[in-house]
Amino acid sequence: MDATRENFSQLVLGNSEKGPVMVHFWTPKAGPCMLLMPRLVKLTAEYNGKFLLVMVNTDELGHIARQYGVTSVPTVKFFRHGQVVHTIHGADPDAEFRKVLDRFIARDNDAIHVRALTSRQHGDEHAARMLLVEAALADPDNPRIPADLAKLLMSGGELQQAHDLLTALSPTLREDAEISRLITHLDFILTAHVAPPPADLVQRIAQDANDLEARYQLAAQCLVADDMGHAMVELLEIVRRDRSFRQDIGRRGLVSLFDLLGAAHPLTTQYRPLLVNALH
């Protein structure tokens, strides 16, 4: 389907509550876009209605493209539950698109996963854990299962165990949008728990502006205190000073917060362009 200014919200965000939505940001001026489009249409037939393909012409809907950080075309973004869960830049091979789709489309062994979630809803967390472990063994490439197991551990206060579980996953699974967000979220919480008082951190930064560990610890404490604005200030400064610090935690932290707050939140609209400028 073709997106318009009027239907984008329901077409993409609304439908992503029902299943995966693949959004192709394109322009008729770019040859690679025109070559990719029929390949994506062919995939919709191959998957027989298990995902929705939406075309966004950036010449007509540039404001939507900018809202989602699209700076070049073709770009394909996958939406689930109102959020971007994966992005492919350029006309990658069909196998790459299938790999992403398969993460979010229901599988035959999802029945075990559903039983685990049902057990959790009924208060039987032990049974839920055992079933999630069984599901993970049966479907090791499915990121939804370790994500749910980590959330179960987090709800029980087992933050370090949840962090250890997720960081032990394969690099491919750790790149999944939800897994990456959970790891970043846990990093912040665990860091805030052991960080010095904020006043001490502010003093350290005043004495040495390149004390990135102090900036990161201060950002973590701000996030735990629900002070998103000050956290973004420190994370952006980390990006500007050293992208390699803690595996690019400045950028990862900001992107995670943008996803949490949503594209229309004032802090997202303020800091997303600043992040783009810092990356270039």
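Every residue, every condition in (1) among the aromatic types (Phe, Trp, Tyr); (2) assigned by the TED database to the domain that holds Ala95; (3) modelled with pLDDT of 95 or more, yes or no:
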position: Ala30; (1), (2), (3): no, yes, no
position: Arg39; (1), (2), (3): no, yes, no
position: Glu46; (1), (2), (3): no, yes, no
position: Phe51; (1), (2), (3): yes, yes, no
position: Asn57; (1), (2), (3): no, yes, yes
position: Arg66; (1), (2), (3): no, yes, no
position: Ser72; (1), (2), (3): no, yes, no
position: Val76; (1), (2), (3): no, yes, yes
* Asked: Residues in the range 69-85 that are in a loop (DSSP other than H, G, I, E, B), buried (at least 19 other Cβ atoms within 10 Å of the Cβ) and not hydrophobic (A, V, I, L, M, F, W, C): how many?
  -> 1
* To do: Could you tell me whether the range 89-107 includes any residue that is exposed (fewer than 15 other Cβ atoms within 10 Å of the Cβ), within 24 Å of Ser9 (Cβ to Cβ) and modelled with pLDDT under 90?
  => yes
* To do: Look at the range 20-43 and say how many of its residues are assigned to a loop (DSSP other than H, G, I, E, B) and touching a Cys at 6+ places or on another chain (Cβ under 8 Å).
  => 1
* Asked: Which members of the range 175-204 meet the condition of being within 18 Å of Phe104 (Cβ to Cβ) and either surrounded by fewer than 16 Cβ atoms within 10 Å (Cβ to Cβ) or in the same structural domain as Arg252 (by the TED database) (or both)?
  -> Glu175
* Those residues of the range 1-60 which are under 16 Å from Val85 (Cβ atoms), out of contact with any Leu (no Cβ under 6 Å at 6 or more places or on another chain) and among the polar types (S, T, N, Q), in sequence order -> Ser16
* Search result, residues across the range 44-68 that are assigned to a helix (DSSP H, G or I) and touching a residue at least 60 places away in the same chain (Cβ under 8 Å) -> Ile64, Gln67
* To do: Those residues that are open to solvent by less than 50 Å² (accessible area, probe 1.4 Å), within 15 Å of the chain's Cα centre (by Cα) and not aromatic (Phe, Trp, Tyr), I need them from the range 249-280; list them, please.
  => Ile249, Gly250, Arg252, Gly253, Leu254, Ser256, Leu257, Asp259, Leu261, Gly262, Ala263, Thr268
* Structure fact -> His230: passes all of (1) out of contact with any Cys (no Cβ under 9 Å at 6 or more places or on another chain); (2) closer than 25 Å to Val194 by Cβ but (1)
* To do: Could you tell me whether any residue of the range 235-246 is on the phi < 0 side of the Ramachandran plot, assigned to a loop (DSSP other than H, G, I, E, B) and of a type in the set (Lys, Arg)?
  => yes
* To do: Go through the residues of the range 238-246 one by one and say whether even a single one is among the basic types (Lys, Arg) and in contact (Cβ under 8 Å) with a residue 60 or more places away in the chain.
  => no
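The values are calculated or read from the model by the stated rules, or taken from the named source; none is laboratory data. Please read these numbers as outputs of a predicted model, since none were measured by experiment. Don't worry about glycine lacking a Cβ; one is built from the backbone with ideal geometry, like all the others, and counts go over all protein chains shown. Keep in mind that these areas ignore ligands, DNA and RNA; they rest on the heavy atoms of the full protein, side chains included. Shrake-Rupley method; radii C 1.70, N 1.55, O 1.52, S 1.80 Å.
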